[in-house]
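Before any comments, here is the structure.
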Amino acid sequence: MTTTLTAGANVPVPAGDLSLVVRWSPGAHGYGASAVDASALLVTAAGKVRSDDDFVFYNQPQAAGGAVAHQVGAQQGVEFLTVRPGLLPADVDRVVVAASVHAGTFAAVTGLSLDLVDASGAQLATYPVQARGSETVMVLGELYRRQGAWKLRAIGQGYDSGLAGLATDYGVSIAEDDTEQSEAVAAPAAAPSFAPPAAPAPSFAPPTAPAPSFAPPAAPAPSFAPPPAPAGAGDATVRLPNPADDHEVAALPPQMGAMVSLRKETVRVTLEKKGLTGVRARVAIVLDRSGSMRKLYGEGAVGRLVERMAPVAAKLDSDGSLDAWIFADDYSRLPSFRVPELARWIEQHVYIVSKGQQLPPLPNGSPRVPDQLERIRGGNNEPPVINDIVRLYTSQPGDPVLVLFFSDGGINRSRQIGELLTQASTLPIFWQFVGLGRADYGILEKFDTMPGRAVDNAGFFCVDDLDKVTDTELYDRLLSEFPQWLAAARQRGIIR
């Protein structure tokens, strides 16, 4: 039976994993004034976060190694936070659940509620939230420790100072946007007087249970630590974008459009942190289509990779277009595309053939006829595609070029690749190679010590599972060596 809560009421939380689901009536398009973002703060008994890493929202989707993770529902009007209480650090006393609006106030939001759902997908409690209208952020509830167990309390506290006001109140550092007037953070409504006292860490470990049927399990923490941000990085401020204001995503499926808008903002912040604001560069993506990539294509991982690269071009390229190549034994130069064509481009070009079947098939299950990529199969043969990239950009002078080259390894032409990149070191092209999985990457792993180049014009890193790397970490690594190359290439007169 589902318990209906009122403000101030609480309910025991059973042992095991759970989800805190934020629901609202999304309106005709799901966005605009009625769009809601869920977030969470992991706070100590003192009521403050331990660090900025304890603020969970769409652009920082997990904390405490995945103990709390932000997810977007399959349907509009649903976001949720998966919580694994057994993984929460002992000094985390509460998990505060909040919701913010993209634009306007909660006066435009109807049907707002916070639901408690257990690991089996059963709804245990619901809290219909009553907003007064002027709030831009609502603290909906909090999961808190009490005598070795957990409880959920309904709160309904409103802020009219935005997400920054909420975050600041809980100790998160929020940088002011230096292009706008600094505004004083308005005081929130009086804090509830019923904050629970600190309780000792539970002496038991709740059993691990599968995530609810509507929610994927929280992704584990990435296996690498991102490089430290350069001086002044704290001045970059993430702004919550409103997808309804982004005309580029209007033609995309709603979920894809929302993610592209968020990722464009993440790229913007990454560029700002690296001192690349205002820098223009042509961007190219190169996709490995060798036989060993069948699983990644079939599971849709390559398509998701392309989704994450389009925002890089949208922010760097003067017209937002992404050039593209695909290769195996042979190669093909694919049509360039921009964000509005993203979904259709992936459907047409991101697939592989295995045992006579195209993976993945078109959304309706049918094959692509004719198969324009029939000859792109076999093993890895990088030199021809590298040569074609050089031919194209030397024949079309313009902005410097950032090549994002993805491969799952099996590099067996290291000498030719080394020679080509050495020759290309006098050209305005930077090559960022990314390895997908653990494999033999040959010369790609030796760029830092490869002699004979005018400048260091290539970088490399590999990841075990790209889907488990957050957007912030991925863009940071993709763009980690590009600024140094730009400076060195300018100094040598390669670019101006």
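Note down the net charge around Gly459, summing +1 for each Lys or Arg and -1 for each Asp or Glu among other residues with Cβ under 13 Å from its Cβ. Once positives and negatives cancel, what remains is -2. Set against the 2.2 N^0.38 Å expectation for a compact globular protein, the stretch 3-169 has a Cα radius of gyration ratio of 0.95.
Listed values for the stretch 365-380 are Karplus-derived 3J(HN,Hα) couplings in whole Hz (6.51 cos²θ - 1.76 cosθ + 1.60, θ = phi - 60°), namely x, 8, x, 7, 10, x, 7, 5, 10, 4, 7, 8, 7, x, x, 9, and x replaces Gly and Pro.
Taking every alpha-carbon pair under 8 Å whose residues sit at least 6 apart, the stretch 3-169 reaches a relative contact order of 30 percent. Loop-located GluC sites (Glu not before Pro) in the stretch 372-456 (DSSP state other than H, G, I, E, B) with a sparse environment of at most 14 neighbouring Cβ atoms within 10 Å: Glu374. Antiparallel beta bridges, as assigned by DSSP with both residues in the stretch 236-491, represent about 25 percent of the total such bridges. How much length is gained on full extension from Met1 to Arg453, taking 0.36 nm per residue of separation minus their Cα-Cα distance? Separation in residues times 0.36 nm, less the Cα-Cα distance, equals 155.8 nm. The Cα-based radius of gyration and maximum Cα-Cα distance (Dmax) for the stretch 236-491 are 17.6, 53 Å.
Bridging of Lys274 to aspartates and glutamates at a Cα separation below 14 Å is possible for Asp235, Glu473, Asp476, Glu481, once same-chain residues fewer than 8 apart are set aside. Around the amide H of Thr3, modelled in the peptide plane, lie the amide H atoms of Ala125, Thr126, all under 5 Å away and 5 or more residues distant in sequence or on another chain.
Per residue and in cubic angstrom, what volume does the convex hull of the Cα atoms of the stretch 399-496 have?
Here the figure is 91 Å³ per residue.
Magnitude of the charge dipole for the stretch 236-491, about its Cα centre and with charges confined to Cβ atoms of Lys, Arg (+1) and Asp, Glu (-1), is about 140 debye.
Let me have the relative contact order for the stretch 236-491, percent, based on Cα pairs under 8 Å that are six or more residues apart.
19
Each of Ile417, Ile411 has some number of other Cβ atoms within 10 Å of its Cβ, and from fewest to most they run Ile411, Ile417.
None of the figures in this text is laboratory data; all of them are computed from the coordinates on show. Computed from a predicted structure; not experimentally measured. Ideal geometry is used to build each Cβ from the backbone, glycine not excepted, and the neighbour counts take in all protein chains shown.
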